[in-house]
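Colleague: One structure, as C-alpha cells, below. Some questions next.
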Amino acid sequence: MPTLGFLHTAPVHVETFRGLVRAAAPGADDVHVVDEALLADARTDGVDAVRARVATRVGGLVAAGADVVVCTCSTIGAAAEQAPAAVPVLRVDRPMARAAVAGGGRVGVVAAVGSTVGPTRALLLEEAAAAGSGAALVDAPCPAAWPLFEAGDVRGYLDAVADHVDTLVGSGTVDVVVLAQASMAPVAARFAGGDVPVLASPAAAVSAAVALLAGAAVRPRTLSRRTETPEPRDPGAASVVGMRDLPPGWATDLAVDVLMGSTVEDRGDHLVVRTPDNPTFHWGNCLFVLDDSRIDDPAHWLGVFARTFPEARWVALGLPRLPADLAPWTALGLEVGLDDVLTTRELPELLPAPAGYDVRRLVSDEDWEQHTAHELRENARTGEYPAEGHERFVRAQTASRRVVCERGDAAWFAAFHEGTLVADLGIVRCGDDARYQSVGTELEHRRRGLAGHLLGVAARWAADRGARRWVIVTEVTNPAGRVYRSVGFAPDRGSAQAYRKPAY
C-alpha cells in the first residue's frame, strides 16, 4: 500500500494530518513520528544543531515504508528537505508559499514562534524568485499566542491568532496572509470568502504529497541533496483519487486542476474539487457527480453543493450525462449543457502560419502580462464578468499557469501582431494525454488560421514529451470545432454540466 510519512514536532498534528490523508487518498497508508525536542532545541540552539537528528528521523520514516515524507514543522522544514533520502521529502509550507507569492503583492507572514520567521521568509523569497512574482513580505509576528499553545489551550491559541489576523487584514497593508505554522490552520476557515485570502499549509501539503505518491502533481523544488533543480515529471492521468474510469474530458479536467493547485476528494457518489489559492474559480471549486442513478434529482445535488461550498454564490456541477428531463434543472435556475470532447491519437496536423504574425512560446514577464491583457480584453468585449473581480481571477490564474509552464508540465503559445498578443492557447501534460487549454483569438484576427497553426505547434511540444493522445473540449455551438476537426480531432465521450452564475 502506498504510504505517506509525517515528521511532527507536536503530537496534536498526528490526527490532523491523518484525517487529511483519509479525505484526500482513502487508499493510502500513513506513518507518523513525533519528536518535540527537535523544535525545542532548534529554537534555543539553531536549526544546524538538529540537522543530523532531522535526517535520522526522515530516514526512519523511509525505513518504516514511507514513499513520500512530509515535515510538518516550518522551523526545521528546510533541514528535512535537504536530508539525504531515497524518496521525495516535502516541507509542509512549500505549496502554501508557492500559492501565496504567485500573484505578487504584499504577503503578510503570521508566526507565533520566532524560529519559524526566518525559514518561512526564506521559503517565500525562494518561491517568489522562482515565479518572478515580485511579492513583498510583511512580517506580522504574534508571539503572545504561542504560550497558550504550549499550555495546551488550543482554542485560546487559535482565537489569539485569529484576532491578530483580523487586525492585520483590517489594516489594509497586505494582499494575502500566510499562516506560517501548521498549528494555525483552523484559523484560515474563519476568513474564507474574505477579500484577503488567508492561507494555511496542511491541506495543500497533503494534496501535493498524495499527488507525488500518485505521480499526479508538483514535485517540490528541492526534494533532497540529490536534486539540485526542479525536474519536469510525468504527471500521469491519475489524480489523488485515482480518477476512476472517467471520460477523457473529465479525466484531463481533474488532472489539470491538480497541477494548478487544486485538491480532489472522492466522496463515493461525487468528487469535490477545491482550489484554495483561487477560491472564486467556479470550475476549480465544484462537484463532479458520479452516481448516474441520481442524475435526475437536481435538488439533491444543489443541497450537496450548498453544504460543501456554503460561501459560493455560484453552482458548478459536472454530470455523467445529460438529464433525461431538463425542466427540473432549469426551474432551479441552472443552465444545463453538453460540451464536445474531441480527441486524436494521431499527431494533429501543423497548418501553415499566416503571414504577418510572430508565433512563440510565452516566457518573459512581458509575454505573460500580454496574456493577461488578452484575457481581460475578451471579457471587456463580451461583458460576461464584472471587470474588477474578473481581473483578480485572471491574474491569479495566469500566475498558476506560469508556474506550471516553468515547471515543464505545460506550455503556452501565442501569435503576436505588431507586438501585441492576439491569439494564444495552452497545452498541459496529463500522463499520456495532452489537454489543450483556453484557445482564444481576438475578434478581428479570426478566420486567418491562427488557431489551427497554434494547435499544431503545441501538439508537437507535447509529442516531444511523450503525449500519445490529444484532448480538446469546446462548447457544442462553438464554430471553432470545425478547426479542431480539420487538424485531425474526432468526437469522443462528451461532458455534461449544470451551472448557475452568481448574481453580480
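The values are calculated or read from the model by the stated rules, or taken from the named source; none is laboratory data. Predicted model only: the values in this text are computed from it and were never measured. Neighbour counts run over all protein chains shown; Cβ positions are idealised from the backbone, glycine included.
Colleague: Can you tell me how many residues in the range 295-311 are among the β-branched types (V, I, T) and touching a residue at least 40 places away in the same chain (Cβ under 8 Å)?
Modeller: Number satisfying all stated conditions: 0.
Colleague: Oh, and also: Within the range 116-130, can one find any residue that is part of a loop (DSSP other than H, G, I, E, B), acidic (D, E) and not assigned by TED's automatic domain parsing to the domain that holds A79?
Modeller: Among the residues of the range 116-130, not one is part of a loop (DSSP other than H, G, I, E, B), acidic (D, E) and not assigned by TED's automatic domain parsing to the domain that holds A79, which makes the answer no.
Colleague: Let me ask something else about it. For the range 13-25, state whether one or more residues are within 20 Å of E265 (Cα to Cα), modelled with pLDDT of 90 or more and in contact with a Leu (Cβ under 8 Å, 6 or more places away or on another chain).
Modeller: yes
Colleague: Same structure again: Cβ-Cβ under 9 Å, sequence separation 6+ or interchain: first residue in the range 29-41 and closer than 13 Å to V113 by Cβ, partner polar (S, T, N, Q) and surrounded by fewer than 20 Cβ atoms within 10 Å (Cβ to Cβ). Which pairs?
Modeller: Between residues of the range 29-41 that are closer than 13 Å to V113 by Cβ and residues that are polar (S, T, N, Q) and surrounded by fewer than 20 Cβ atoms within 10 Å (Cβ to Cβ), the close pairs are L39/S115.
Conditions (1) of a type in the set (D, E, K, R); (2) in a helix (DSSP H, G or I); (3) touching a residue at least 60 places away in the same chain (Cβ under 8 Å), marked per residue:
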| position | (1), (2), (3) |
| --- | --- |
| A79 | no, yes, no |
| A85 | no, no, yes |
| A99 | no, yes, yes |
| G104 | no, no, yes |
| G134 | no, no, no |
| A160 | no, yes, no |
| H164 | no, yes, no |
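Colleague: Related question: Please pick out the residue among G27, G59, G19, G65 that is assigned to a helix (DSSP H, G or I) and more than 21 Å from P95 (Cα to Cα).
Modeller: G59
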